[in-house]
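I have placed the structure first, in the form of structure tokens, so that the comments after it can refer back to it.
The values are calculated or read from the model by the stated rules, or taken from the named source; none is laboratory data. Just so we're clear, the structure is a prediction, and the values are computed from it rather than from any experiment. Cβ placement follows ideal geometry from the backbone for every residue including glycine, while neighbour counts extend to all protein chains displayed. Surface areas here come from the heavy atoms of the whole protein model, side chains and all, with no ligands, DNA or RNA. Shrake-Rupley method; radii C 1.70, N 1.55, O 1.52, S 1.80 Å.
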Amino acid sequence: QVQLVESGGGLVQPGGSMKLSCAASGTVFSINSMSWYRQVPGKERDLVARIFTSSDTATDYLASLKGRFTMSRDKGRYTVYLQMDSLGPEDTAVYYCNAKYYSGTGYTILTDAWGQGTPVTVSS
């Protein structure tokens, strides 16, 4: 199994920046991709960005971000970051780290792991 631990959330003023981190542990060799999602109460969880283990470049950025967020990974490949710039009140949400990893006999079943979520509040 894969476990995820997020850090870095909190309160930030409009126009400010914040960086989130997510560290994976467990059967990390089976991870296919890692992603950031965010969720506002009463709404669906939205994909913010994704990065595949085989790549150094994040993809699938949420269109409404307009280039303000950047997802990256460390050289060890199993810690990912989300750099958030020019934050606005619309970015207030709980941010979740996700990993899709293979499990089961023969590691053929793609399974989701989720972090505990870290709240980000953009307010003056």
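For region 79-117, which positions are charged (D, E, K, R) and either open to solvent by 60 Å² or more (accessible area, probe 1.4 Å) or closer than 30 Å to GLN13 by Cβ (or both)? Scanning region 79-117 gives ASP85, GLU90, ASP91, ASP112. Quick one: which of SER72, SER54, SER30 is small (Gly, Ala, Ser), within 25 Å of LEU110 (Cβ to Cβ) and open to solvent by 70 Å² or more (accessible area, probe 1.4 Å)? Checking each option against the conditions leaves just SER54.
Quick grid of which residues meet (1) surrounded by 13 or more Cβ atoms within 10 Å (Cβ to Cβ); (2) among the polar types (S, T, N, Q):
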site	(1), (2)
LEU4	yes, no
GLY8	yes, no
GLN13	no, yes
ALA23	yes, no
LYS43	no, no
ASP46	yes, no
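Contact map, region 57-78: first residue of a type in the set (S, T, N, Q), second residue assigned to a helix (DSSP H, G or I) and open to solvent by 50 Å² or more (accessible area, probe 1.4 Å), Cβ cut-off under 9 Å, separation 6 or more or different chains; pairs are SER64/GLU90.
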